[in-house]
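Please treat every number below as a calculation from the coordinates, not as lab data. Predicted model only: the values in this text are computed from it and were never measured. When we count neighbours, we look across all protein chains shown, and the Cβ atoms used for this are built from the backbone with ideal geometry, even at glycine.
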Amino acid sequence: MLIMRRRAGESFLIDGEIEIEVLEVSGSRVKLGIVAPESVQIQRKETQITRDENVSAAGSVGRDKIFSLLESVALGSTRIDVKTLTAAKPLTPKDT
Amino acid sequence: MSRIQTKCFGEMSYSQDSVFEFPNGLPGFEDERLFVFLSQPATHPLMFMQSLARSSVCFILLPILAADPNYQLSLSAEDLEVLRLSSARQPRIGTEVLCAAMVCTAGEDRPHPTVNLLSPIVLNLQERIGIQAIQTLSGYSHRYPLLARDRQPELAPCS
């Protein structure tokens, strides 16, 4: 990993066309300004992680997986009674 | 009652009370705005978040406190606004909001099922609005193993 020290008001360039400027530093927070071509996708890393995990989760869903999943849930949740957690919810779908 | 073709249970009927709008969609599923939430005694405590528009899109959810009894939800001002909740305080899980973790079942790269504690699904039960609320500063894992319940939450590999 390249490590670079910059102060507020200073910037750096990536590939000559993406500019990242440190706008403000306050405590543990840093405010950055980014100038990049429209074709460059910019997102928070945790959004990318969430996207990948959502795609994996959706792809992993199948009727045949539910039984073994219920076993895992039963094994893992001996400490608390999960029934009390969902008692208040007004979700009322009816099975056919 | 309306009817819907579900991914896991074939055709089911549902009431409009169980349809939630996700104004921002979900990362990776930005176009899916309406989900039906299904729960049945046979699959308790799991819930199924079925896309209304695409029967092939369904997520399995576990109430977040079942995954981690000490889970601390922290919603940003923007999240609270989308959910139409007061910005003065955090909502109570179970009464004001339903908070659930997305489950990824075991597969080739995953020996055990995992839950995503980094990005819980949060529902305003009154307004029937939902978001996926990424917990940026929490350190919660996006791949928390469902079996190893005594382990401390891992630090997510991002900062």
Region A:11-25 - phi-based ³J(HN,Hα) in whole Hz, Karplus 6.51/-1.76/1.60, Gly and Pro as x: 9, 8, 10, 10, 6, x, 10, 10, 10, 10, 10, 7, 8, 7, 10
Mind ordering B:123-135, A:32-44 by average Cβ neighbours within 10 Å, highest first? B:123-135, A:32-44
Stokes-Einstein diffusion coefficient for chain B at 10 °C in a medium of 1.306 mPa s, Rh from the Kirkwood formula over Cα pairs: what value in µm²/s? 98
Dipole moment magnitude, nearest 20 debye, chain B about Cα centre, only Lys, Arg, Asp, Glu C-beta charged: 280
Please state, to two decimals, what the Cα-based radius of gyration of the protein assembly as shown comes to when divided by 2.2 N^0.38 Å (N = residues). 1.09
Extending each Cα 7 Å along its Cβ direction at B:Glu78 and B:Gln126, get the distance between those two points in nm, one decimal. 2.4
Under a crude label model (7 Å from the Cα following the beta-carbon direction), how far is B:Glu21 from A:Ser28 in nanometres? 3.6
Mean other chain Cβ within 10 Å across B:31-41 is 2
Taking every residue in B:91-101, how many Cβ atoms of other protein chains lie within 10 Å of its Cβ, on average? 2
